[in-house]
Number of protein chains: 2
Amino acid sequence: MSDFAARAIAERLFFGYRAFTGDADRVLASRGLGRAHHRALYFIERAGSIPVHELLATLGITKQALTRVLRELMDAQLVERRQDPADGRRGILTLTETGRALELSLLHAQRARIELALAQAGPNGREAIHTFLEALMEPEDRARIGLAL
Amino acid sequence: MSDFAARAIAERLFFGYRAFTGDADRVLASRGLGRAHHRALYFIERAGSIPVHELLATLGITKQALTRVLRELMDAQLVERRQDPADGRRGILTLTETGRALELSLLHAQRARIELALAQAGPNGREAIHTFLEALMEPEDRARIGLAL
DNA sequence: TAGAAACGTCAACATGGCTGACGCAGTTAT
DNA sequence: ATAACTGCGTCAGCCATGTTGACGTTTCTA
């Protein structure tokens, strides 16, 4: 593949991702939260409820970094932790009603941009876009969202 | 658009972008540099030579943040600054031979992943992917890489 | 019942952002 | 010519998000 073609993708990913996250960042800033909080909210909501160790693996950060984020989210009454009944050492995280509402509003802040971009790409483009992004991902992460390795 | 469809894109962007940047991050770490240095190298190389104020606008960071990055790149002999002959206040940045070599090796670290992902998406997918990513971008940034607003 | 596992927590540090304030060289307007 | 503005570097201090390493507690498991 030519360097030129690689650059075309690289810069579009850079600017595209920046704009995409920017939509949520504005909402987050008004609540005194950051992108790290959004990611936690997103994956807790996605799973319904999730063990701490799994969220840790998904986010790919250390437990110290996650603990700080979770403490702030729990202080803000957006996330709750309870014990795993099957193994009392494990914590299970869920969103509160307020947390779910915030997560949705963050998603909706990004939805318009996504919708527009998919529409521009045309009805047949959607599958190609999914395939492309899935192929960029690490196999480990593909498995995490329920795709074949 | 359904929340479900929006989430499908959101998480693929998150994991895909993370894997994509991870390729370069590994090379950068071995040189004691970070992602911020890569972005500067990329856009200087892309332009051939670029005024400081334009790089500033492209990266969307403050001059203080950029100055630190540029100082490190110049100390490492990867970037050179000279005066704009037309306006002595302005600085113009170019890469050294070494800088160009590093930038290329960073691009190549990402190229295989991009190539594979484009191949997976099929020959007709490429246009859709470009269109999609361009539509995600801020109009301002589209203009910056030579696209119509 | 000893050891391992799953946390939470404290401390220190790196990176890459930010704001504000100041200085200086060079350019432009009066 | 001189005053004002511009572009840019720099100092200082702060914030968000990540890192390592060490330690303690609770809970399971061999």
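What does the accessible area per residue of the stretch B:12-149 come to in Å², with a 1.4 Å probe and no ligands, DNA or RNA counted?
I get 50 Å² per residue for the stretch B:12-149.
The interface between chain B and chain A buries about 5700 Å² of solvent-accessible area in total (1.4 Å probe, ligands and nucleic acids excluded).
Roughly how many percent of the accessible protein surface of the stretch A:3-123 is carbon and sulfur, given a 1.4 Å probe and a whole-percent answer? C and S fraction of accessible area: 52 percent. With a length cut of 30 Å (Cα positions projected on each helix's long axis) and a Kyte-Doolittle mean of at least -1.0, go through chain B and give me the DSSP H helices that pass. Span-like helices here: B:3-30, B:97-121.
Using a 7 Å projection from Cα along Cα-to-Cβ, the label point at B:Thr94 is separated from the same position in the remaining copies by 6.4 nm, smallest value first.
So, R0 is 41 Å and r is the distance between the beta-carbons of B:Arg100 and A:Asn124; what FRET efficiency does that work out to, to 0.05?
With R0 = 41 Å, the Cβ-Cβ based efficiency is 0.60.
Placing +1 on the Cβ of every Lys and Arg and -1 on the Cβ of every Asp and Glu, with nothing else charged, gives the protein assembly as shown a dipole about its Cα centre of roughly 520 debye.
Placing dummy labels 7 Å off each Cα toward the beta-carbon, the span from A:Thr67 to B:His108 is 4.3 nm. Mean projection of the Cα convex hull over all viewing directions, computed for the protein assembly as shown: 17.4 nm².
The relative contact order of chain B, computed from alpha carbon pairs under 8 Å that lie at least 6 residues apart in sequence, is 22 percent. About its Cα centre, the dipole of the stretch A:3-123 is roughly 200 debye, where the only charges are +1 on Lys and Arg Cβ and -1 on Asp and Glu Cβ. GNM remark for chain A: springs join alpha carbons under 10 Å apart, and the peak mean-square fluctuation among A:Leu136, A:Leu78, A:Leu93 falls on A:Leu136.
The values are calculated or read from the model by the stated rules, or taken from the named source; none is laboratory data. Everything numeric in this text was worked out from a predicted model, so none of it was measured. Glycine also receives a Cβ, built like all others from the backbone with ideal geometry; neighbour counts cover every protein chain displayed. Keep in mind that these areas ignore ligands, DNA and RNA; they rest on the heavy atoms of the full protein, side chains included. Shrake-Rupley method; radii C 1.70, N 1.55, O 1.52, S 1.80 Å.
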